[in-house]
Amino acid sequence: MLFRMVADSEAMSRVELHDDFVRVFTPEGAAERHADFHLRWLRHNCDVDRHPTTGERTIDSAELPDELALGSAAVDDGVLRVTWSHDGRVSRYPLEWLRRHAYATDRIEVPRPPSDVRALELDGARGLEAITSDLLSRLEKVGAAVVRREHDRPEAETEAWIDVLGARGLRIIGTHFGRIEDLRTDNTTNTNIDQLGYTNAAIELHTDQPFLDEPPRYQLLQGIRDANQGGDTVLVDGEAAFRYLQSLDRDAAELLLRTSIRFHRKQKNFEREVISPIVTIRAGRVFVRSSYFTEAPYQLPFDRMSAWYRAHDQFVRILRDPRNHYAFRIRPGNVLIYDNHRMLHGRTEFSGARWLRGVYFNATGTSSSDDETSG
Ligand SMILES: [Fe+2]
């Protein structure tokens, strides 16, 4: 949450500026209450747009620009004063008037997706087996874990990771790339490498293999060789992002749940597609499929397309907001493991001989319609 706070020292009222709304705090006895007001609502109710003698409103909200920008807001002498940066206007709202017309009093805010990498990190010096319980509990709780570990030849440790995780119920699955992926620009060990992962290009946030009926549940990414420049990893918690969207725009969130689109992966020697919503709820958990490079052109009814784009873009803008990201480097020897049904991942462009190893897992006992046929 990014906001500024300006206090009215006499009345002890204060205001916070958020992205799309203003929160006004007012004292009530020993307690403090707050009310949230959308920027659009505030501008629609600007005191300047009133007839000077009758006091009637002189504009309709439809006359306002789609984008409103707020420069500053302060409470002074019982009045909220807002300065709009897009046209320089100053609007005034007596606190008593705001209190009478409040529509979101004491609203509890859903937090943004978390971004503190320390919540993911584990010290791998204890050894693989000693750390696995902590790793699996982080994976369950926050959707990912990063093991900070050094090794002279990390590539010699990949099988040990597979064994340790296998003993704890994570079954390795092959994909159309093979059993273990060598994510490097000079790849010689995998099939179907005509895709972004094997280049040095930036890859925006996505989930892996949304075009399968059952995408792999987990991916392990092991650092083997560092990039000269770039190659940073970015993760975002898709479940937290969706809950955040629900709190801002429930209709947009519901549209994501009930609109199916086509995911289509077509490579030289591989093709697969699936029709599914981007977000589904499974046993109370949010399951995200999202990759801009495998979405087929949308074919929705004409009268649903505009609303769909608004909902979709709103969700992806939350996902892509750097304030909502875990950003870190997978160093040689380090291991990232993430829940591919919950977390989206991406990387920055890089130069040099960066080499990551990728291994997919499902939980033992879960079925995947694709892991045998696509390998
Ligand atoms: Fe990926």
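Quick one: which strands (runs of 3 or more DSSP E) lie wholly within region 24-135 and hold at least 2 residues that are under 30 Å from Glu150 (Cβ atoms)?
Numbers: elements: 31-38, 70-76, 79-84, 90-94, 121-123.
Answer list for region 24-135: 121-123.
Scanning region 39-72 for residues that are over 16 Å from Ala102 (Cβ atoms), surrounded by 13 or more Cβ atoms within 10 Å (Cβ to Cβ) and not β-branched (Val, Ile, Thr) gives Arg43, Cys46, Asp47, Asp49, Arg50, Arg57, Leu64, Leu68, Leu70, Gly71, Ser72.
Within region 159-191, count every residue that is aliphatic (A, V, I, L, M) and not in a strand (DSSP E or B).
Going through region 159-191, the residues aliphatic (A, V, I, L, M) turn out to be 160, 162, 164-165, 167, 170, 172-173, 180, 183.
Now restrict to residues that are not in a strand (DSSP E or B): 160, 162, 164-165, 167, 180.
Counting residues in region 159-191 that are aliphatic (A, V, I, L, M) and not in a strand (DSSP E or B) gives 6.
Residues in region 100-113: is at least one among the aliphatic types (A, V, I, L, M), more than 33 Å from the chain's Cα centre (by Cα) and not assigned by TED's automatic domain parsing to the domain that holds Arg323? Checked against the condition, which is being among the aliphatic types (A, V, I, L, M), more than 33 Å from the chain's Cα centre (by Cα) and not assigned by TED's automatic domain parsing to the domain that holds Arg323, region 100-113 yields no hits at all.
The number of residues in region 316-351 that are away from the ligand (no atom under 16 Å from the Cβ) and at pLDDT below 95 comes to 1. Restricting Thr58, Thr26 to residues that are at pLDDT below 95 and polar (S, T, N, Q) narrows the list to Thr26.
For Val146, the criteria (1) under 30 Å from Arg285 (Cα atoms); (2) within 27 Å of the chain's Cα centre (by Cα); (3) surrounded by fewer than 15 Cβ atoms within 10 Å (Cβ to Cβ) hold in every case but one, which is (3). Filtering region 269-312 to residues that are within 16 Å of the ligand (Cβ to nearest atom), basic (Lys, Arg) and either assigned to a helix (DSSP H, G or I) or within 20 Å of the chain's Cα centre (by Cα) (or both) leaves only Arg289.
Residue count for region 1-23 under the criterion of being in a strand (DSSP E or B) and modelled with pLDDT of 90 or more: the result is 7. For region 115-151, enumerate the residues that are in contact with a Pro (Cβ under 9 Å, 6 or more places away or on another chain) and farther than 29 Å from Ala241 by Cα. Those that are in contact with a Pro (Cβ under 9 Å, 6 or more places away or on another chain) and farther than 29 Å from Ala241 by Cα: Glu150, His151.
So for region 224-233 (the condition being among the hydroxyl-bearing types (Ser, Thr, Tyr) and either surrounded by fewer than 19 Cβ atoms within 10 Å (Cβ to Cβ) or not assigned by TED's automatic domain parsing to the domain that holds Ile275 (or both)), does at least one residue qualify? Within region 224-233, none of the residues are among the hydroxyl-bearing types (Ser, Thr, Tyr) and either surrounded by fewer than 19 Cβ atoms within 10 Å (Cβ to Cβ) or not assigned by TED's automatic domain parsing to the domain that holds Ile275 (or both). Can you confirm whether region 153-176 contains a residue that is more than 18 Å from Ala353 (Cβ to Cβ), within 14 Å of the ligand (Cβ to nearest atom), in contact (Cβ under 8 Å) with a residue 12 or more places away in the chain and surrounded by 16 or more Cβ atoms within 10 Å (Cβ to Cβ)? Yes, region 153-176 has at least one match.
Among residues of region 192-227 being in contact with a Phe, Trp or Tyr (Cβ under 6 Å, 6 or more places away or on another chain) and assigned to a loop (DSSP other than H, G, I, E, B), the one that is farthest from the ligand (Cβ to nearest atom) is Ala227. Scan region 291-309 for residues that are surrounded by 14 or more Cβ atoms within 10 Å (Cβ to Cβ) and free of Cβ contacts under 8 Å to residues at least 60 places away in the same chain and the total you get is 5.
The values are calculated or read from the model by the stated rules, or taken from the named source; none is laboratory data. Fair warning: this is a prediction, and the values are worked out from it, not measured in the lab. All Cβ positions, glycine included, derive from the backbone under ideal geometry; neighbour counts span all protein chains shown.
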